[in-house]
Amino acid sequence: MNQHLKDTFRHKGKRKLLVEELGKMGIEDPAILSAFNAIPRHYFLDLAFDEQAYTNMAFQIGSGQTISHPYTVAFQTQLLNIVKGDKVLEIGTGSGFQTCILCQLSAKVYSVERHMELHIKAKSMLTFFNFNAKLSFGDGYKGMPSYGPFDKILVTCGAPEIPRLLLSQLKVGGIMVIPVGEGVEQKMLRIIKEDEQNMKVEEFGTFKFVPMLEQTVKKI
Ligand code: SAH
């Protein structure tokens, strides 16, 4: 956890400006904007990035991974159309920032991370905020079958294709938001599971994510 868990007026002021910027960029849901105001992003970052925490940038969070751009977090969240009490599975806990945004929106969150170091850090952040999300250390390709099916599934790393096992853990009528693509860029997809055989797939532009890696988990 970050050693500087202090939310100064300076941080609050910068955060307000970021929220305004997100609004101008097309994030219209007031609940999402107020969640961004409520969760101090600088708590999830190394002190070295404190000054830049409220710019629309990604930063290193250790284990070779990055926290997503605030706009990306907000955009994916908006695509999910979170309703209070939704059961949400997140793949790629990373810093835990996105997890906290979902908790702030009153979702019941389950999140998987394959790096033990990040999993442990994120757990302490969720505890700090008193959110009771279920964080799991493991391979996100497997999902969390014993806790499913889920109303929503959010993948925060770039997948080479839509993982079938995850789709099988989505409720009929549920939404999966996932960046899909083989190279450095992915297409943001919103998938609506129409029934056990059919899905509706919509595309929402190009993004850059760290890859969703297969099989191996990384212990400390
Ligand atoms: N939501 C995070 C984004 C972190 S980047 C945040 O806001 O900080 C994506 C994360 O996905 C990385 O931490 C990476 O380790 C994780 N990841 C990649 N492949 C994975 C897999 N197969 N299972 C679980 N996590 C995975």
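The V201 and K84 beta-carbon pair, evaluated with R₀ = 30 Å, returns a calculated FRET efficiency of approximately 0.70.
Express the carbon and sulfur contribution to the solvent-accessible surface of the range 94-220 as a percent, rounded to the nearest whole number, probe 1.4 angstrom.
On the way: 3130 of 6050 Å².
Ligands and nucleic acids excluded, carbon and sulfur reach 52 percent.
The amide H of D86, built 1.01 Å from its N in the peptide plane, has K108 as neighbours under 5 Å, considering only residues 5 or more places off or on other chains. Annotation: amide H of V210 within the under-5 Å range of G158, sequence separation 5 or more or interchain, hydrogens built in the peptide plane. Computed from backbone phi, the HN-Hα couplings of the range 41-56 come to 5, 5, 4, 8, 10, 5, 3, 4, 9, 3, 5, 9, 4, 9, 9, 7 Hz, rounded to whole numbers (Karplus: 6.51 cos²θ - 1.76 cosθ + 1.60, θ = phi - 60°; Gly and Pro given as x).
Rolling a 1.4 Å probe over the protein heavy atoms leaves K121 with an accessible area of roughly 80 Å². Of the DSSP beta bridges with both residues in the range 9-207, give the percent that are antiparallel, rounding to the nearest 5. Here the antiparallel bridges make up roughly 45 percent for the range 9-207. At a probe radius of 1.4 angstrom, the accessible area of the chain per residue rounds to 47 square angstrom. The HN-Hα couplings worked out from phi for the range 100-106 by the Karplus form 6.51 cos²θ - 1.76 cosθ + 1.60 (θ = phi - 60°) are 5, 4, 5, 5, 4, 7, 6 Hz, whole numbers, x standing for Gly and Pro. Taken one residue at a time, the phi angles of the range 112-125 give Karplus couplings (6.51, -1.76, 1.60, θ = phi - 60°) of 10, 9, 9, 9, 4, 4, 5, 4, 5, 4, 5, 4, 5, 5 Hz. Gly and Pro are set to x. A straight Cα-to-Cα reach below 15 Å connects K108 with the aspartates and glutamates D86, E90, D151, residues fewer than 8 places away in its own chain not being considered.
Scanning residues 5 or more positions from K134 or on other chains, those with amide H under 5 Å from its amide H are V109, Y110, S111, with H placed 1.01 Å from N in the peptide plane.
The values are calculated or read from the model by the stated rules, or taken from the named source; none is laboratory data. The model shown is predicted, which means the values in this text are computed figures rather than measured ones. Using ideal geometry, Cβ is built from the backbone for each residue, glycine included, and neighbour counts are taken over all protein chains shown. With ligands, DNA and RNA removed, areas are computed over all heavy atoms of the protein, side chains included. Shrake-Rupley method; radii C 1.70, N 1.55, O 1.52, S 1.80 Å.
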